[in-house]
1. If you scan segment 10-20, which residues turn out to be in a loop (DSSP other than H, G, I, E, B), touching a residue at least 12 places away in the same chain (Cβ under 8 Å) and either open to solvent by 50 Å² or more (accessible area, probe 1.4 Å) or polar (S, T, N, Q) (or both)?
2. Working only within segment 46-86, note down all residues that are part of a helix (DSSP H, G or I), more than 18 Å from residue 128 (Cα to Cα), open to solvent by 10 Å² or more (accessible area, probe 1.4 Å) and not hydroxyl-bearing (Ser, Thr, Tyr).
3. Starting from residues that are in a loop (DSSP other than H, G, I, E, B) and not basic (Lys, Arg), keep the ones in segment 32-45 and report whichever is farthest from residue 198 (Cα to Cα).
4. Restricting the search to segment 120-176, which residues are part of a helix (DSSP H, G or I), touching a residue at least 40 places away in the same chain (Cβ under 8 Å) and polar (S, T, N, Q)?
5. Enumerate the pairs (first residue in segment 213-224 and in contact (Cβ under 8 Å) with a residue 40 or more places away in the chain; second residue anywhere and in a helix (DSSP H, G or I) and among the aromatic types (Phe, Trp, Tyr)) with beta-carbon separation below 7 Å, excluding pairs fewer than 6 apart on the same chain, so at least 6 apart or on different chains.
6. Being within 30 Å of residue 64 (Cα to Cα), out of contact with any Cys (no Cβ under 8 Å at 6 or more places or on another chain) and among the hydrophobic types (A, V, I, L, M, F, W, C) is the requirement here; does residue 207 meet it?
7. Name the one entry in 103, 91 that is out of contact with any His (no Cβ under 7 Å at 6 or more places or on another chain), modelled with pLDDT under 95 and not in a strand (DSSP E or B).
8. In segment 179-197, what count of residues is obtained for those that are free of Cβ contacts under 8 Å to residues at least 40 places away in the same chain, at negative phi and surrounded by fewer than 16 Cβ atoms within 10 Å (Cβ to Cβ)?
Amino acid sequence: MASLDALDTASFTTLVVEECEDRLVVRLRRPEVRNAIDQVMVDELHSVCAHLERTPKVLVLTGTPSDADAGVKGVFASGADIAQLRQRRRDDALAGINSTIFDRLSRLPMPVIAALDGYALGGGAELAYAADFRIGTAALRMGNPETNLGIMAAAGATWRLKELVGEPLAKQILLAGRVLTGAECLAAGLISELVEPEQLLDAAHSLADRIGAQDPLAVRITKSVFHAPREAHPVIDTLAQGMLFESEAKFDRMQAFLDRKASTTSETSTTSKTSTDNTSREQS
């Protein structure tokens with residue numbers, strides 16, 4: 001019998017989902033349109049978010065992997081689906097279709113990692129900006145060409161991008177249509193690692209492993225406090241620390257640290273004594 005918390009992906013058509021004990025890997029799958037984000041993908045991402053809000057885990061977002069042997073180039077998401085976008089009117093814009101799901105993704109309890117290869121443009125870039133971590137390849141091309149289509153990047157780029165790379169570069173991307181290469185993304189701090197395409201998912205899992213080694217509650221609370229508005233600090237930090245000071249994990253992990261330290265000190269002392277005794281015997 002399926003768990004009530006299980007994510008039902010049987011009806012998914014735009015996402016491929018792999019769930020592990022401590023993480024969820026979601027691959028965008030609309031290769032015929034370079035993983036353009038349409039309403040169905042948005043709806044399926046909402047289902048993923050609902051699951052991760054109930055069962056907090058690290059989320060790894062990725063796209064179509066490259067395959068040199070088959071001549072397939074990797075792609076994260078080339079943007080919003082232009083065919084659908086062209087039909088949308090004022091009321092659709094006011095509904096904030098993409099901005100709502102990207103904001104929900106950014107607010108997930110545990111960190112979100114975006115593994116980026118090839119195009120991450122328009123809505124695809126804004127989806128990546130909403131992640132907590134971004135890892136890319138040299139083939140990554142990231143930017144926001146919306147003004148060339150007569151619209152603006154309205155799903156988070158106008159404020160997230162400025163926070164991520166600073167105002168001058170953000171304006172080049174948003175107002176002049178500059179598209180960054182993977183190396184330029186790394187130099188700007190937009191991605192934290194630049195890896196080979198075949199190592200991309202492994203790098204994302206390695207980062208997820210490092211997150212998984214931390215105390216989950218401490219990670220969740222730290223992420224929440226990190227994104228709190230400036231005026232909430234330092235009160236929110238103090239209150240959050242008060243909660244963590246009462247957690248069982250805090251006592252267990254600190255005791256384990258002290259035990260390891262005591263063990264190391266004992267071993268060092270024993271080694272030092274043995275060395276001294278040997279030296280004394282040699283001199284005698």
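The values are calculated or read from the model by the stated rules, or taken from the named source; none is laboratory data. Model, not experiment: these values are computed from the prediction. Note that each Cβ is placed from the backbone with ideal geometry, even for glycine, and that neighbours are counted across all protein chains shown. Keep in mind that these areas ignore ligands, DNA and RNA; they rest on the heavy atoms of the full protein, side chains included. Shrake-Rupley method; radii C 1.70, N 1.55, O 1.52, S 1.80 Å.
1. Within segment 10-20, 13, 14 qualify.
2. If the condition is that a residue be part of a helix (DSSP H, G or I), more than 18 Å from residue 128 (Cα to Cα), open to solvent by 10 Å² or more (accessible area, probe 1.4 Å) and not hydroxyl-bearing (Ser, Thr, Tyr), then 50, 53, 54, 82, 83, 84, 85, 86 are the ones that fit.
3. This residue is 38.
4. If the condition is that a residue be part of a helix (DSSP H, G or I), touching a residue at least 40 places away in the same chain (Cβ under 8 Å) and polar (S, T, N, Q), then no residue fits.
5. Listed pairs, sorted by first residue: none to list.
6. When the stated conditions are applied, residue 207 passes them.
7. 91
8. Residues meeting the conditions: 1.
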